[in-house]
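Here's the structure, in structure tokens; my notes come after.
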Amino acid sequence: MAQYFEIHPDNPQPRLLRQAAALLRQGGIVAVPTDSSYALACHLDDKDAAERLRRIRQVDDKHHLTLLCRDLSELASCARVDNRQYRLLRLGTPGPYTFILEATREVPRRVSHPARKTLGLRVPDHKGLQLLLQLHGAPLLATTLIPAGASEPLNDPQEIRRHYAGQLAAIVDAGACPREPTTVLDLTPMGVGGAPEVVRAGRGSLPALGL
């Protein structure tokens, strides 16, 4: 049965998130709030946890999982970023954007796209999740919490509890999230002189990035 941590959205309690971080390090899957919707997260270097994450979401290895990073420097350590890409990333972090970039060798190959060797990365603008990332001390592997067969993510922590309590180590309840997906931008064309491609228009403003 999942542990349930109810945190304040603006002043999250470190004691509770420290417990959630410990469960992540032990291989647990944790439902976490973000600045777009709730997500499922696990420890990046835990192969078994990543496989369970995919099973819960019912997605295969071609589905882009996302690395949740504390800041732009941590993001840049996980992906190959040139100067043009970096300037755009600065405009969109932290915020409700997911950027598709080529993974570095430091990222386990099993979590990147099998053909393209890319992955999604983001720096969320959510105080509770930022503190959890700080306490965990490393990026988290994540995917939006959308039930199988549904098109919208779950936004009510109690509903998440009813659906997934037996499959998760913990649920971090920070109240309702915006329930609007991130804007997804593929930045890999920029590496060969092209323009970023909008994969999905979501909560993140495109004009704010000059697009």
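The residue that is nearest to the chain's Cα centre (by Cα), counting only those in segment 120-144 that are over 15 Å from PRO96 (Cα atoms) and part of a loop (DSSP other than H, G, I, E, B), is PRO139.
When you look at ARG54, is it assigned to a loop (DSSP other than H, G, I, E, B) and of a type in the set (D, E, K, R), yes or no? Judged against the criteria, ARG54 is not a match. Scan segment 30-37 and tell me whether some residue there is at pLDDT below 95 and over 23 Å from PRO178 (Cα atoms). No, because not a single residue in segment 30-37 is at pLDDT below 95 and over 23 Å from PRO178 (Cα atoms). Scan segment 58-68 and tell me whether some residue there is out of contact with any helix residue (DSSP H, G or I) (no Cβ under 9 Å at 6 or more places or on another chain) and either part of a strand (DSSP E or B) or within 24 Å of LEU135 (Cα to Cα) (or both). Yes. Looking only at segment 78-95, which residues are in a loop (DSSP other than H, G, I, E, B) and either among the acidic types (Asp, Glu) or touching a helix residue (DSSP H, G or I) at 6+ places or on another chain (Cβ under 6 Å) (or both)? Selection gives ASP82, THR93. Taking the criterion of being at pLDDT 90 or above and either surrounded by fewer than 16 Cβ atoms within 10 Å (Cβ to Cβ) or among the hydroxyl-bearing types (Ser, Thr, Tyr) (or both), the residues of segment 167-192 that qualify are GLN167, GLY175, THR182, THR183, THR188, PRO189. Are any of the residues in segment 12-21 charged (D, E, K, R) and either part of a helix (DSSP H, G or I) or without any contact (Cβ under 8 Å) to a residue 60 or more places away in the chain (or both)? Within segment 12-21 (the criterion being charged (D, E, K, R) and either part of a helix (DSSP H, G or I) or without any contact (Cβ under 8 Å) to a residue 60 or more places away in the chain (or both)), the answer is yes, since at least one residue qualifies. A search for C-beta distances below 7 Å between a residue of segment 147-162 that is modelled with pLDDT of 85 or more and any residue that is charged (D, E, K, R), counting only pairs 6+ apart in sequence or on different chains, returns PRO153/ARG179; ASN155/ARG179; PRO157/ASP173.
Taking segment 175-194, which residues are more than 16 Å from the chain's Cα centre (by Cα) and either under 18 Å from TYR38 (Cβ atoms) or touching a residue at least 40 places away in the same chain (Cβ under 8 Å) (or both)? Scanning segment 175-194 gives GLY175, ALA176, LEU187, THR188, MET190, GLY191. For PRO114, are the conditions met, namely being more than 17 Å from LEU23 (Cα to Cα), over 16 Å from the mean Cα position of the chain (by Cα) and either modelled with pLDDT of 90 or more or of a type outside the set (Asp, Glu) (or both)? For PRO114, the condition - more than 17 Å from LEU23 (Cα to Cα), over 16 Å from the mean Cα position of the chain (by Cα) and either modelled with pLDDT of 90 or more or of a type outside the set (Asp, Glu) (or both) - is met.
The values are calculated or read from the model by the stated rules, or taken from the named source; none is laboratory data. Small disclaimer: the values here were computed from a predicted structure and weren't measured. As a convention, Cβ positions derive from the backbone with ideal geometry for all residues, glycine included, and neighbour counts pool all protein chains shown.
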